[in-house]
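Inspection log for the structure reproduced underneath, given as structure tokens.
Where a number appears in this text, it was derived from the coordinates with a stated rule and is not lab data. The structure displayed is predicted, hence computed values, not measured ones. A quick note on method: Cβ atoms are made from the backbone with ideal geometry, for glycine too, and the neighbour counts reach across all protein chains shown.
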Amino acid sequence: MTDDDALFRFRVRVFAVAEELGNVRAACRMFGIHPSTFYRWRRQLLRIGMESLRPRERRMPKMPNATSPFIEQRVVAFSLGHPGFGPNRIAAELARPVWGGIRLSPNGVWLILRRHGLNTRARRLGLIAGHSVPREPIEDRV
């Protein structure tokens, strides 16, 4: 049985128990759903039929302005080649014709570095040095 089938059976059971008890709120309390959710499902059930209780297919949204994987690889490679540079400097250097003229904002560079776990200088240097990133020193409390 798939997750979709289990969810469909759960929703059908909610309706069966609500019909049996004659009390929607008690059935919703039993199953841990809000009554407004029950009535939304009921409205769909009356309009479309039992098939409306099946979960809909969800897919990842397409982001038309997302940075391409090629540019992400270039940013990560450049940042590992120059681990001391921050996002501002990386964005400025990549915009130069020598490095391909890649136009990215410093915030875009930082987001790419964060996605790859390289958003701090210590993490980039730690990866280059081949050891884990040192922990932040604990301040002595007076």
Inset, instruction - Using only Cα atoms, tell me the angle between helix 69-81 and the longest principal axis of the chain; keep it within 0 to 90° and round to the nearest 10. - result: 40
Legend entry - Semi-axes of the equivalent ellipsoid for the range 3-53, Cα gyration tensor, largest first, Å: 17, 13, 10
Legend entry - Which of S36, S79, S52 has the fewest Cβ neighbours within 10 Å, and the rest in rising order: S36, S52, S79
Inset, instruction - With no solvent and one equal point scatterer placed on each C-alpha of the range 19-142, evaluate the Debye formula and give log10 I(q)/I(0) for q = 0.15, 0.17, 0.22 Å⁻¹, two decimals. - result: -0.75, -0.88, -1.25
Inset, instruction - Using only Cα atoms, tell me the angle between helix 35-47 and the longest principal axis of the chain; keep it within 0 to 90° and round to the nearest 10. - result: 70
Inset, instruction - Restrict the search to the range 62-116; then list the trypsin sites (Lys or Arg not before Pro) that DSSP places in a loop and that have at most 16 other Cβ atoms within 10 Å of their Cβ. - result: K62, R103
